[in-house]
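Have a look at this one.
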Amino acid sequence: AEADLATIAYMQGAERYKTKWHKVADGDLPNNYRYVWTNIGAGYHDDDGWWDNFGRLQNVIAWCEPKFEE
């Protein structure tokens, strides 16, 4: 439940600051196996699916690349 609350809070902040979300269903996937934020948490996509440091991510429907300002 803690991860769910963190994801909800992040997505609300992303909406407020207009982070661009990409829909996986549209075939819009990140390049170069780099880590991005997904609706599940941090992970990357390769030819075999979505992954994080602990294994395969399930039910990824969207991802974004947050931009941080100093």
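Each residue of region 37-45 in turn: what ³J(HN,Hα) in whole Hz from Karplus with 6.51, -1.76, 1.60 and θ = phi - 60°, glycine and Pro shown as x?
With coefficients 6.51, -1.76 and 1.60, one gets 8, 10, 5, 9, x, 6, x, 9, 10 Hz.
Sticking with this one: Going by average Cβ density within 10 Å per residue, which order do the peptides 27-33, 38-44, 48-54 take, highest to lowest?
38-44, 48-54, 27-33
Expressed in nm to one decimal, what extension gain is obtained for the pair Ala42 and Asp28 from 0.36 nm per residue of sequence separation less their Cα-Cα distance? Before the final figure, lay out each step's value.
On the way: separation 14, 0.36 × 14 = 5.04 nm, distance 1.67 nm.
The span from Ala42 to Asp28 would gain 3.4 nm if fully extended.
Here, each number is a calculation from the coordinates, and none is a lab measurement. None of the values given here were measured: they were computed from a predicted structure. For neighbour counting, all protein chains shown are included, and Cβ atoms are generated from backbone atoms with ideal geometry for every residue, glycine included.
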